[in-house]
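Values in this text are rule-based calculations from the coordinates and carry no lab data. Predicted model, so just to flag it, every value in this text is computed and none were measured. Here Cβ is always computed from backbone atoms with ideal geometry, including for glycine, and neighbour counts include all displayed protein chains.
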Amino acid sequence: MKNSPLPPKIILASASPRRRELLALLGIPFSVRVSEIEETRKPKETPSAFALRLAQEKASAITAEPTDLVLAADTIVVQGDTIYGKPTSSQHAHQILQKLSGQEHQVLTAVCLKQGAQIDAFSVTTRVKFRSLDENEIINYVRTKEPMDKAGAYAIQGAAAHMVEAIYGSYTNVVGLPLCELRQALLKFQKLTTRSA
C-alpha cells in the first residue's frame, strides 16, 4: 500500500499583509517570500492580461523546490481601460478617489499557482460602486495614509468601507485574494499534480 503524498509546502509570493491574513483563513500552513518584478503595462495589453502576466512573473521569480507550491497574485482596479494601481503620492491618491466617486469600477485579482513545471493561472473580477464623495472626506481619508499602499487608493476592509455603495461578486477578491475561487483551484491543482507525479 502506497503512502499518501505529503501536501506541498506553500509559498506566498507577496508582501501584502492582507493576502497573508486572507490565506490564513483557509487554515493552510504557508511561508512568505517576496518577489520583485518590473510592473509596467505593455502597449495594447488588456487589464486582465496585464494582471495575469504579473501574477505569473511573480510566481516564476521565486526560487523553490520542485515540490513547493508557489502562490502569487496581483490586484488592480480598473475603470474602462484605465488601471489604478497603488498611488504614487497623496495628490495621486486624491485624483484616483475623485475618479471613483459616484462611479462603478472593477477590481481584478489574477492568481498564479506554480509547482515545478505545473502552472495554473486565473483571474476573478468584482464590480464595486462608490457613492458620491465630497472633497473633505477624500482629503481626510488620504490624510490617514491608508490609501498609499492599496490598488485604487482605498481599502474596502478599512476606513473606506462606508464609501462603497454596492459590490457585485467576491468581497475577498477586493481585499486582495479571492478565497472561494482559490480554494477550488488549490484542490484542482493538487489533483492535477498528484496525477502527473
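Things to note:
- As a length-normalised measure over Cα pairs under 8 Å and 6 or more apart, the relative contact order of region 10-196 settles at 22 percent.
- Whole-angstrom gap from region 167-190 to region 19-46, using each part's C-alpha centre: 13
- Scanning residues 5 or more positions from residue 133 or on other chains, those with amide H under 5 Å from its amide H are 102, with H placed 1.01 Å from N in the peptide plane.
- Using a cut-off of 20 Å between Cα atoms, the listed pairs 42/129; 9/150; 99/145; 42/86; 58/129; 58/99 include 42/129; 9/150; 58/129; 58/99 as exceeding that distance.
- Vicinal HN-Hα couplings computed from phi for region 138-154 (Karplus, 6.51 cos²θ - 1.76 cosθ + 1.60; Hz; Gly/Pro x): 5, 4, 5, 5, 4, 5, 6, 6, 4, x, 5, 10, 10, 4, x, 6, 7
- Placed amide H near residue 154: partners under 5 Å, 5+ positions off or other chain: none
- Relative to the longest principal axis of the Cα atoms of the chain, the long axis of helix 90-100 makes an angle of roughly 90 degrees.
- Computed from Cα atoms, the angle from the helix 179-196 axis to the main principal axis of the chain rounds to 20 degrees.
- Working note: 222 nm ellipticity from helices only, DSSP H runs with n ≥ 4, each -39,500 (n - 2.57), summed and divided by the residues of the chain, gives -10000 deg cm²/dmol to the nearest 500.
- Proximity of backbone amide H atoms, modeled 1.01 Å from N, is registered between residue 69 and 9, 10, 11 at under 5 Å, excluding neighbours fewer than 5 places apart on the same chain.
- Full extension of the chain segment joining residue 144 with residue 117 gains 5.4 nm, where the gain is 0.36 nm per residue of separation less the Cα-Cα distance.
- If the segment from residue 127 to residue 168 were pulled out straight at 0.36 nm per residue, it would be longer than the present Cα-Cα gap by 14.3 nm.
- The relative contact order of region 96-197 comes to 30 percent, based on Cα pairs under 8 Å that sit 6 or more residues apart.
- Listed peptides 99-108, 16-25, 159-168 appear in the order 99-108, 16-25, 159-168 once ranked by packing, highest mean of other Cβ atoms within 10 Å at the front.
- Taking a ≥ b ≥ c as the square roots of the eigenvalues of the alpha-carbon gyration tensor, the chain is classed prolate because a/c is 1.5 or more and a/b outweighs b/c.
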